Amino acid sequence: MSILALSFTLLFVMITMLVSVWQKLGLERDIAVGTVRSAVQLLLVGYVLQFIFNTSNPILIALILVLMITIASFNAGKRGAGLKGIVWKIAIAITSTELMMMGLLLGFRIIEATPQYIIPISGMTIGNAMVVSGLFLNQMRREVSASRGEIETLLSLGATARQAIQEVMKRSVKSSMIPTIDGMKTVGLVQLPGMMTGMIVAGANPIEAVRYQILIVFAFTSSAAITSIILSLISYRLWFTKDLRIRLIEEKG
């Protein structure tokens, strides 16, 4: 794709901004900032990845993965603002998921141990884990608030913090998994996923593209479940004070 052809895609952004002005939505500034940021960020990432792919330095690969996990953890942590140490809990959950997924993929030689495979697949896995973490925390906030009476009753009857909040954790884990499960049910029918589409556009055999997409779908589902379960197990105590009173947090945008 030429630079000229790419520049024409700005027409989509302009149309969106005009619609925002017409409907008085007030989104013009956010759209403009988002457009510039996304373009600059993607270009920078492109040059960085090109350099890493050419050098294949394992230290640089590790640094990229650490940066991805750090940004993902802080972003998802916004959903748990008010819970002390939640960012670290999310980082542990995402890191555990990433190590497990990469360990299986590389250990069974499903993918090659090269930056071209490790970084993109890790990026998708970490990104999916970030979304699931945010969904889990959002649902936990709602569930804890709605089930406050139930939790306090269980505590008064002698239940431990884990026992009192167990059902709330289960419902939150299930809720955080819904988008991933729905995506599995409709993949290929409602949408052609990004990796598969990109490979086909690049000229790859559609069957080969489908195989890689199946890998990603299965990895997404597994990583979503692992992240949500680990995060629930290591963070549930944050919803209580030291004297086992419920800690409620406000919703963040």
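Points to keep in mind about this one:
- Long-range tail of P(r) for region 132-238 (Cα pairs > 24 Å, %): 41
- Accessible-area composition of the chain, carbon plus sulfur, in percent [1.4 Å probe]: 68
- Accessible surface area normalised per residue over the chain is 61 Å², counting heavy atoms of protein chains with a 1.4 Å rolling probe.
- Those residues of region 4-42 whose amide nitrogen sits under 16 Å from the label point placed on Phe74, 7 Å along Cα→Cβ: 41
- Residues of region 129-144 with amide N under 16 Å of the 7 Å Cα→Cβ point at Met184: 129, 132
- C-alpha long axis of helix 10-22 to longest principal axis of the chain, angle in °: 50
- Normalised per residue, the volume of the convex hull around the Cα set of region 20-162 (Å³): 170
- Global geometry of region 37-116, whether rounded, prolate or oblate, following the gyration tensor of its Cα atoms and the 1.5 cut on a/c: oblate
- Spacing of the modelled spin labels on Val66 and Phe53, each 7 Å from Cα toward Cβ, amounts to 2.5 nm.
- Global form of region 1-55, assessed from the alpha-carbon gyration tensor, a/c cut-off 1.5: oblate
- Against the chain, whose longest principal axis is taken from its Cα atoms, helix 206-235 shows a tilt of about 30°.
- Reported to the nearest whole Å, the Cα centre-to-centre distance from region 163-221 to region 6-23 is 30.
- Once exposed loop GluC sites (Glu not before Pro) are cut out (DSSP; at most 15 other Cβ, 10 Å), longest piece of the chain: 113-249
- Pairs of Lys residues in the chain, spaced 8 or more positions apart or belonging to different chains, with C-alpha separations under 29 angstrom: 22 in total.
- Förster-model FRET efficiency, 35 Å R0, Leu27 and Leu215, C-beta, rounded to 0.05: 0.45
- The string of couplings for region 241-249 from the Karplus curve (6.51, -1.76, 1.60, θ = phi - 60°) is 7, 4, 9, 6, 8, 6, 9, 9, 10 Hz, one whole number per residue in order, with x for Gly and Pro.
The values are calculated or read from the model by the stated rules, or taken from the named source; none is laboratory data. Everything numeric in this text was worked out from a predicted model, so none of it was measured. Positions of Cβ are generated from backbone atoms using ideal geometry, with glycine treated the same way; all protein chains shown enter the neighbour counts. Each accessible area value is taken on the protein alone, full model and side chains, heavy atoms only, with ligands, DNA and RNA left out. Shrake-Rupley method; radii C 1.70, N 1.55, O 1.52, S 1.80 Å.
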